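What follows is a single structure, written as structure tokens, with notes after it.
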Amino acid sequence: MICELLGVDAADRPDFRSWTDGMLAPETPGQARDALRALYRYLLDLIAAKRANPGADFLSTLIELRDEQDRLSEDELTSAAFLVLFAGYENTVNLLGNGLAALLSRPSALAQARRGISPTTVDELLRFDPPPQLAIRRFPVADVEIGGVTIPAGETVLLSLVSAHHDPDRYAEPDHLDLGREDNPHLAFGHGPHYCLGASLARMEGEIGFGALLSRFPNVALTVTEEELQWRNSFRNRGLRTLPVTLG
């Protein structure tokens with residue numbers, strides 16, 4: 001899906017996939033660094049190719065902006081491509097992995113999911129075990145007091161989304177996975193003017209992904225306990241290294 005948006009040729013997609021996997025789940029720090037460099041060089045070449053021969057894709061649309069005030073620099077175009085890649089690819093991968101692990105560990109929720117996946121289902125899985133654990137860094141422009149603690153102006157502030165999602169003052173039984181939860185204003189897609197532009201696409205991908213998997217493999221089951229699952233070593237993004245299952 002992301003390759004379609006960016007206009008990546010089909011022949012380049014295996015390399016593109018290997019680079020993204022190398023960054024998201026590297027076996028060594030060096031692998032992540034090398035994958036990042038390779039992907040950065042590829043995106044620079046892709047932007048140059050789109051300038052010479054625009055197509056019906058996201059990058060070409062940005063390149064062809066005629067208003068000088070809106071025109072993007074090379075750095076801005078590259079940043080936009082990385083933003084779409086990480087926001088749209090990494091988070092979707094982790095939504096599917098985290099969500100499936102949660103369902104397979106809870107028989108009643110799994111039985112409910114087998115009866116049908118809806119946007120409400122996807123929203124509850126996002127609330128329960130969100131791929132983004134922390135919001136993007138904030139920097140207060142003035143001293144601010146929260147909960148009796150003074151945060152000085154200019155300090156780095158990280159807001160815990162997963163803590164907000166499990167706040168008992170906001171959610172009834174927050175540690176219970178309730179696929180029918182209607183009152184669910186989670187923050188996995190952000191809030192206000194910074195609400196995720198791809199939220200509708202992400203919900204659609206979740207509906208299709210979970211629905212197709214449970215329909216095609218009705219007997220899919222974990223081969224390890226929930227406590228034995230291995231998670232990526234990241235303080236900000238929560239995602240599995242592997243999800244061992246039997247398809248039945």
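Just so it is clear, none of the values below were taken in a lab; they were calculated from the coordinates. Computed from a predicted structure; not experimentally measured. Neighbour counts run over all protein chains shown; Cβ positions are idealised from the backbone, glycine included.
Side notes on the structure shown:
- The H on the amide N of LEU134, modeled in the peptide plane, is under 5 Å from the matching H of LEU161, each at least 5 residues off or on a different chain.
- Additional length obtainable on full extension of the chain from LEU36 to ASP143, 0.36 nm per residue less Cα span: 34.8 nm
- Spin-label model distance (nm) - ASP169 vs SER108, 7 Å beyond Cα toward Cβ: 2.8 nm
- Ordering 173-181, 102-110, 9-17 by mean Cβ neighbour count within 10 Å, with the highest value first, yields 102-110, 173-181, 9-17.
- Close amide H partners of LEU240, meaning residues 5 or more places away or on another chain with modelled amide H under 5 Å apart, are ASN98, ARG232.
- Theoretical FRET efficiency, 1/(1+(r/R0)^6), r = Cβ-Cβ of TRP231 and ILE63, R0 45 Å, to 0.05: 0.75
- Amide H to amide H, with H built 1.01 Å from N, ILE151 comes under 5 Å of VAL144, GLU145, ILE146, counting only residues 5 or more places away or on other chains.
- With θ taken as phi - 60° and the Karplus curve 6.51 cos²θ - 1.76 cosθ + 1.60 applied, the whole-hertz 3J(HN,Hα) list for the stretch 221-227 is 8, 5, 9, 10, 7, 4, 5 Hz, x standing for glycine and proline.
- Correct option for Kirkwood radius over Cα pairs in Å [calculated from the coordinates] among [x] 20.3; [y] 23.5; [z] 18.3: [x]
- Förster radius 30 Å - calculated FRET efficiency between SER79 and ASN53, Cβ distance, rounded to 0.05: 0.85
- Summing +1 for each Lys or Arg and -1 for each Asp or Glu among the other residues whose beta-carbon sits under 14 angstrom from that of ARG41 gives -3.
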